[in-house]
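Taking it in order: structure first as structure tokens, then the write-up.
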Amino acid sequence: MVGAGFALIAAIVLLQLPGSIAHAARRQADIQLLRLQGSSFAGTLTAVNFTNRWIFNFPMFTVEVSYIVNDAPIIISAHMRTSADRVPVVGSRILVLTDVRGTTHVELDLSNGVVFEPDVTKYAAPDY
């Protein structure tokens, strides 16, 4: 019975794998296109919320970024996965890339001296 349960879970995961790989490839292509042809805006990290989840020991966060387009402030939310020693603090500069389709990508603006959370153990994955 337990073996059948594991087999069912494995089958479900294997069926979802091609779709997940295709999604990741499309997202990477979108990011590359944004870097080449998208509009770039200077943004500011306005919120960093820890989700208490990890993927392969990398902590997961939801973040908010504000930036200005045509004198109008815009706030967007994004998911962030990073290492425990590279969690940016609120106020860090963010590069916002977007296009006319509404595709958006945010990344740290490393050229403007990002400040990271000094307590590197704060978001470390638990040892079970």
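The values are calculated or read from the model by the stated rules, or taken from the named source; none is laboratory data. Given the structure is predicted, the values throughout are model-derived calculations rather than measurements. The protein model used for the area step is the full one, side chains on, heavy atoms only, and it has no ligands, DNA or RNA in it. Shrake-Rupley method; radii C 1.70, N 1.55, O 1.52, S 1.80 Å.
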TODO: Run the 1.4 Å probe and let me know the accessible area of His105, rounded to the nearest 10 Å².
DONE: 30
Task: Normalised contact order of segment 38-106, rounded percent, pairs of Cα under 8 Å and 6 or more residues apart - done: 37
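Between Arg26 and Ile74, 0.36 nm times their residue separation minus their Cα-Cα distance comes to what? Walk me through the numbers before you get to the answer.
Numbers: separation 48, 0.36 × 48 = 17.28 nm, distance 2.53 nm.
Result for the pair: 14.7 nm of gain on full extension.
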Task: Nonlocal amide H pairs with Glu117, under 5 Å, H built at 1.01 Å - done: Val87, Val89
Open item on the list: Computing the accessible area with a 1.4 Å probe over protein heavy atoms, can you report the carbon and sulfur percentage for segment 39-122?
Closed with: 54
Open item on the list: If I take every Cα pair under 8 Å that is 6 or more residues apart in segment 66-128, average their sequence separation and divide by the length, what percent do I get for the relative contact order?
Closed with: 32
Open item on the list: Rounded, prolate or oblate, given the Cα gyration tensor of segment 27-87, with a/c below 1.5 counting as rounded?
Closed with: oblate
Task: Note, ³J(HN,Hα) from phi for segment 103-117, Karplus 6.51, -1.76, 1.60, rounded to Hz, x at Gly and Pro - done: 6, 9, 9, 10, 8, 4, 8, 5, 6, 10, x, 5, 9, 9, 3
